[in-house]
Amino acid sequence: MIYLDNNATTRIDPQVWEKMSVFLEKQYGNPSSLYPLGRDAKESINEARENIAEAMGAERSEIIFTGSGTESDNFAIKGIMDAHPEKDEFVTSAIEHPAVIETALYLEKSGKKVTFIPVDEYGTVDLDVLEKKVTHKTALVSIMHANNEIGTLQPIKDIVYIAKKKNVLVHSDAVQTFGKTKFDVHKLGVDLLSVSAHKIYGPKGIGALYIKKGTEIRPFIHGGHQEGRLRAGTENTAGIIGFGEAARIASQRLKKDKKRLDGLAEQLKKGIESSIPDIKFNGSENERIKTTVNFSFLKLEAEAVLLALAAEGIFVSTGSACSEDSEEVSHVLTAIHLTPEQARSSIRFSIGRFNTEEEIKTVLRELPKIIENLRAISAGSVY
Ligand SMILES: *Cc1c(COP(=O)(O)O)cnc(C)c1O
């Protein structure tokens, strides 16, 4: 099996699992309990919090654990909008993850003014439009750090600069960059930032939200005193420990991993470009998380390519929803001006820590044959 869908989720790192399993089996105490079994769990949770804080240049007290990256996005957006009722505008981009897009649509339904900033053909937000749309009535700007479908990195510092001129808070969904590329919340200048464990070789079902000290936010889950009363409920101890360990390992390996994985991605990209005709690269050449490689294989349905690759044990994802309906084509690919046909032929390869050069070579050997065969079959059909 060759797993090239690391933007969707990653395999858990054995070291992460080893640390977690102790907390499922033996250290099962409730972190709120005052005897050692509980207190030790609490202490380990705070170590994990420290590891995550450190990986983004934050303070331990600024990290709140959540149930997912999706929950972190919901918490940030709803929490800030609710805490600032005197400001009823929310600004985001056209290419956000559904966790942000759907939350924005919910806000719109409940009477807020929501603006989706367009992007250019590379997927970069239009800063001129942003400048015009951010007003003194805007409570929050939420723009992702890197896009999950095409990898484009947003100019967060410039976005923050524009927002701060009008005293507006900024949130960024950094689920695709945390642990993969070095950044610092203070240098970025954001007030809130979402991360998730399962994209960095940690467990599923655990995320975190950075909330800058002093930021006014409405609690997301009411109940006990956990997570500074902002997100109540008995902690997912094993998940948190796993996330902390995943963040620690990612920081430690970041430089070396990034160099190797960017190299593999470049090898894949160049290999595809030199061996397969009629393709379109989607995203930004340089302002991109390089391990995300998205191509449209023109005149083919991406599902057919995905299934043919899967038959060879190679797992990728399509850039578009599986639907005949052009309205359901990926909003990201539509936003970067792809036609519905181009969007429907898009395949995303995403490379991760456990991929090898041998695997990339195998893909580059199989893929051209697959594309050629499918094109021969579909020649003269719908397109
Ligand atoms: C995966 C992902 C999310 C959602 O995170 P979950 O932990 O799966 O809920 C949010 N934003 C981006 C950019 C992602 O890639």
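The values are calculated or read from the model by the stated rules, or taken from the named source; none is laboratory data. Predicted model only: the values in this text are computed from it and were never measured. Positions of Cβ are backbone-derived with ideal geometry, glycine not excepted, and every protein chain shown enters the neighbour counts. To get the accessible areas, we keep the full protein, side chains included, count just its heavy atoms, and leave off ligands, DNA and RNA. Shrake-Rupley method; radii C 1.70, N 1.55, O 1.52, S 1.80 Å.
Some values worked out for this structure:
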item	result
So residue 314, is it surrounded by fewer than 19 Cβ atoms within 10 Å (Cβ to Cβ) and β-branched (Val, Ile, Thr)	no
Flag if residue 272 is of a type in the set (A, V, I, L, M, F, W, C) and either more than 22 Å from residue 124 (Cβ to Cβ) or not assigned by TED's automatic domain parsing to the domain that holds residue 355 (or both)	yes
Selection status of residue 102, open to solvent by 50 Å² or more (accessible area, probe 1.4 Å), within 24 Å of residue 8 (Cα to Cα) and not polar (S, T, N, Q)	yes
Condition met for residue 174 (open to solvent by less than 40 Å² (accessible area, probe 1.4 Å), in contact with a Pro (Cβ under 7 Å, 6 or more places away or on another chain), within 11 Å of the ligand (Cβ to nearest atom) and not aromatic (Phe, Trp, Tyr))	no
Criterion (more than 20 Å from residue 206 (Cβ to Cβ), touching a His at 6+ places or on another chain (Cβ under 7 Å) and among the small types (Gly, Ala, Ser)) met by exactly one of 151, 57, 111	57
The lone exception for residue 262 - which of (1) within 20 Å of the chain's Cα centre (by Cα); (2) touching a residue at least 40 places away in the same chain (Cβ under 8 Å) it fails	(2)
Cross-chain or 6+ apart pairs with Cβ under 6 Å, the stretch 8-25 first and within 13 Å of residue 45 (Cα to Cα), then open to solvent by less than 60 Å² (accessible area, probe 1.4 Å)	19/241; 19/245; 20/238; 20/241; 20/242; 23/237; 23/238; 23/241
Output for the stretch 333-383, where each listed residue is hydroxyl-bearing (Ser, Thr, Tyr) and buried (at least 17 other Cβ atoms within 10 Å of the Cβ)	334, 345, 346, 350
Within the stretch 254-351, helices (runs of 4 or more DSSP H) holding 3 or more residues that are more than 22 Å from residue 376 (Cα to Cα)	331-335
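Yes/no matrix, rows are residues, columns are (1) more than 16 Å from the ligand (Cβ to nearest atom); (2) touching a Leu at 6+ places or on another chain (Cβ under 7 Å); (3) closer than 18 Å to residue 68 by Cα:
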residue	(1), (2), (3)
182	yes, yes, no
192	no, yes, yes
197	no, no, yes
204	no, no, yes
209	no, yes, yes
213	yes, no, no
220	no, yes, yes
226	yes, no, yes
235	yes, no, yes
